[in-house]
Amino acid sequence: MSVLSFDALKTQVAEGLIDTVLVCGVDMQGRLMGKRFTAGHFIASAWQETHCCNYLLATDLEMATPEGFASTSWEAGYGDYVMKPDLTTLRPVPWLEGTAMVMCDLIDHHTHEAVPHSPRAMLKAQIARIEAMGLTPMMATELEFFLFEKSFDEIRKSGYRDLAPISGYNEDYHIFQTTKEEGIMRPIRNHLWAAGIPIENSKGEAEAGQEELNIKYAPALDTADYHTIAKNAIKEIAWQQGHGATFLSKYSHDRVGSSSHVHQSLWKDGKPAFFDPEDKLGMSALMKSYMAGLLKYAPDITYFLAPYINSYKRFQKGTFAPTRITWSVDNRTAGFRLCGESSRAVRVECRIGGSDINPYLAMAAMLAAGIAGIEEGLELAPPAAGDSYAGEGNTIPTTLIRARDALMGSKMLRAAMSDWVVDHYARAAQVEIEDFERVVTDYEIARGFERA
Ligand code: ADP
């Protein structure tokens with residue numbers, strides 16, 4: 001959806017309203033990476049393309065240069081990718097003075113093809129597969145996060161020890177508690193709205209200092225762009241106000257974690273193809289096989305829903321984060337929840353993803369699983385009832401090592417995404433595992449220093 005045409009940008013630049021254009025790609029971690037252009041240079045030439053180092057899709061959160069990626073290396077000389085602005089994504093950035101932004105696709109300048117392991121290309125590839133079946137994926141991602149009393153700088157200088165959340169007690173749906181956070185949340189909602197991102201609401205979540213931002217469902221690629229821009233805006237606006245915000249899945253084992261639930265439905269010719277008024281729950285045969293694919297392949301895709309060591313700390317019983325691969329009718333203990341049953345809004349909510357997902361990868365993986373369910377004509381088992389935490393079996397992979405193994409061994413993902421892409425992300429998972437295995441943690445010291 002275009003909210004700022006290229007012509008309108010030119011006019012605003014001529015009027016002196018915009019002087020800076022952020023030209024942004026998305027890295028493996030789902031972060032905006034790019035350059036700040038003078039608006040004059042952007043409209044004169046950079047709108048066609050710019051370049052970035054190809055290590056941006058072979059680095060970790062620290063911007064290190066781990067070895068073992070086939071795509072690039074010291075040996076290959078860390079060359080460039082083309083960043084090709086997608087002008088349909090031009091938008092103002094109202095929380096930064098005189099600024100607009102645009103999302104880019106990453107292109108290999110030798111082959112002139114999209115870089116296959118770039119997150120936007122991976123999601124586009126799965127969207128193209130489902131569109132070839134005459135279906136449009138409509139999705140919504142929820143953003144949960146914590147706000148902190150102190151700024152990012154103060155928190156970092158304290159060695160991430162001084163983690164006092166911005167408010168003192170559980171603020172789930174709490175109007176008074178969240179009124180105290182309006183200094184941050186109101187500009188987040190309103191600035192994003194003015195940037196063309198259809199914010200529905202924000203609400204307090206089930207912990208002290210925890211907020212949730214909801215964005216209206218949209219075609220999957222727009223949803224991923226919205227999520228990425230909104231996450232960046234939340235950090236920037238919190239920073240502007242002297243506060244920190246975290247999207248870690250589990251910042252403390254004593255607190256609940258943060259999720260990013262993903263609502264999914266498929267549409268055909270502008271009508272919800274998941275809805276069948278004749279069915280007891282209003283679920284079409286298409287929806288049932290799509291969901292059966294999600295369930296069958298949940299272990300395969302878990303890495304894309306939980307990409308870090310920390311992500312797996314969130315899967316704890318009795319915390320509203322799921323532990324088992326079950327589906328249910330409006331029951332928040334299952335990995336997959338049926339929402340809007342018996343209505344045109346019938347959809348499946350995947351509850352496995354943490355707030356640390358890369359939304360492009362998460363949605364690409366879920367679409368691949370759903371497509372496999374449709375292609376294999378899978379039958380959907382009856383829904384789980386009651387407390388899904390209480391049951392046995394069908395557990396979500398409990399560690400990053402298990403999820404990495406399931407990714408590596410997934411014939412479904414290798415067929416849907418290619419060996420190249422799967423091997424690239426399996427290496428990314430391994431980088432996280434190796435780094436963690438090397439580091440001595442506070443936990444080990446406190447537990448064993450004197451007592452061992
Ligand atoms: P909850 O009870 O989970 O808070 P909401 O009614 O707030 O449910 O909806 C959650 C998200 O689901 C919103 O972002 C909304 O836009 C999205 N949503 C609504 N209908 C659909 C649909 N048909 N397909 C995908 N997402 C949808």
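The values are calculated or read from the model by the stated rules, or taken from the named source; none is laboratory data. The shown structure was predicted, so the numbers you read here are calculated from the model rather than taken from an experiment. Glycine also receives a Cβ, built like all others from the backbone with ideal geometry; neighbour counts cover every protein chain displayed.
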Every residue in segment 244-278 that is more than 16 Å from the ligand (Cβ to nearest atom) and among the acidic types (Asp, Glu), please.
ASP254, GLU278
Does segment 315-326 hold any residues that are of a type outside the set (Val, Ile, Thr) and surrounded by fewer than 23 Cβ atoms within 10 Å (Cβ to Cβ), and which are they?
GLN316, LYS317, GLY318, PHE320, ARG324
Single unsatisfied condition, SER328 versus (1) within 15 Å of GLY386 (Cα to Cα); (2) of a type in the set (Gly, Ala, Ser); (3) away from the ligand (no atom under 15 Å from the Cβ)
(3)
Show the residue pairs meeting these rules: Cβ distance below 6 Å; 6+ apart or different chains; first residue within segment 270-289 and basic (Lys, Arg); second residue away from the ligand (no atom under 12 Å from the Cβ).
LYS288/LEU380
Taking GLN241 and the conditions (1) surrounded by fewer than 19 Cβ atoms within 10 Å (Cβ to Cβ); (2) within 16 Å of the ligand (Cβ to nearest atom), which numbered condition does it fall short on, given that it satisfies the others?
(2)
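Looking at segment 359-400, which of the residues that are of a type in the set (Gly, Ala, Ser) and in a loop (DSSP other than H, G, I, E, B) is farthest from MET417 (Cα to Cα)? Before you say what the answer is, go through the steps one by one.
So the first thing to find is which residues in segment 359-400 are of a type in the set (Gly, Ala, Ser), and the list is 362, 364-365, 368-370, 372-373, 377, 381, 384-386, 388, 390-391, 393.
From the residues that got through so far, the ones that are in a loop (DSSP other than H, G, I, E, B) too are 377, 381, 384-386, 391, 393.
Details: GLY377: 20, ALA381: 27, ALA384: 31, ALA385: 34, GLY386: 36, GLY391: 33, GLY393: 28 Å.
Among them, the one singled out is GLY386.
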(1) at pLDDT 95 or above; (2) within 14 Å of the ligand (Cβ to nearest atom); (3) surrounded by fewer than 20 Cβ atoms within 10 Å (Cβ to Cβ): which one isn't true of ILE309, the others all being true?
(2)
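In the list GLY318, GLY293, which residue meets the criterion of being over 27 Å from LYS411 (Cα atoms), away from the ligand (no atom under 16 Å from the Cβ), out of contact with any Lys or Arg (no Cβ under 7 Å at 6 or more places or on another chain) and not acidic (Asp, Glu)? Quick ask: steps written out before the conclusion?
On the way: GLY293 fails: over 27 Å from LYS411 (Cα atoms).
Being over 27 Å from LYS411 (Cα atoms), away from the ligand (no atom under 16 Å from the Cβ), out of contact with any Lys or Arg (no Cβ under 7 Å at 6 or more places or on another chain) and not acidic (Asp, Glu) holds for just one of GLY318, GLY293, which is GLY318.
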Is at least one residue of segment 167-182 surrounded by 22 or more Cβ atoms within 10 Å (Cβ to Cβ) and of a type in the set (A, V, I, L, M)?
no
Of the residues in segment 52-69, those that are farther than 21 Å from TYR360 by Cα and either surrounded by fewer than 17 Cβ atoms within 10 Å (Cβ to Cβ) or touching a Cys at 6+ places or on another chain (Cβ under 6 Å) (or both) come to ALA64, THR65, GLU67, GLY68
Meets criteria (part of a strand (DSSP E or B) and either free of Cβ contacts under 8 Å to residues at least 24 places away in the same chain or under 19 Å from the mean Cα position of the chain (by Cα) (or both)) for MET83
no
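For (1) assigned to a loop (DSSP other than H, G, I, E, B); (2) of a type in the set (Ser, Thr, Tyr); (3) outside the structural domain of MET366 (by TED's automatic domain parsing), each residue gets a yes or a no:
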site: MET63; (1), (2), (3): yes, no, yes
site: THR72; (1), (2), (3): yes, yes, yes
site: MET101; (1), (2), (3): no, no, yes
site: HIS109; (1), (2), (3): yes, no, yes
Can you tell me which residues in segment 384-417 are modelled with pLDDT of 95 or more and more than 27 Å from ASN310 (Cα to Cα)?
ALA415, ALA416
Any residue at all in segment 180-196 that's in contact with a helix residue (DSSP H, G or I) (Cβ under 6 Å, 6 or more places away or on another chain), within 12 Å of the ligand (Cβ to nearest atom) and modelled with pLDDT of 95 or more?
no
From (1) part of a helix (DSSP H, G or I); (2) surrounded by 13 or more Cβ atoms within 10 Å (Cβ to Cβ); (3) out of contact with any helix residue (DSSP H, G or I) (no Cβ under 9 Å at 6 or more places or on another chain), pick out the condition that doesn't hold for GLU444.
(2)
Pairs please, first residue from segment 128-142 and in the same structural domain as PRO272 (by TED's automatic domain parsing) and at positive phi, second anywhere and away from the ligand (no atom under 14 Å from the Cβ) and part of a loop (DSSP other than H, G, I, E, B), Cβ atoms under 9 Å, 6+ apart in sequence or on different chains.
GLY134/ASP269
On the basis of being more than 13 Å from the ligand (Cβ to nearest atom) and surrounded by fewer than 24 Cβ atoms within 10 Å (Cβ to Cβ), does GLU349 make the cut?
no
In the set GLU131, GLU75, the lone residue that is modelled with pLDDT under 95 and more than 17 Å from TRP47 (Cα to Cα) is GLU75
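A quick yes/no check of all residues on (1) of a type outside the set (Gly, Ala, Ser); (2) touching a His at 6+ places or on another chain (Cβ under 6 Å); (3) assigned by TED's automatic domain parsing to the domain that holds LEU305:
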| position | (1), (2), (3) |
| --- | --- |
| GLY370 | no, no, yes |
| ALA415 | no, no, yes |
| ILE433 | yes, no, yes |
| GLU450 | yes, no, no |
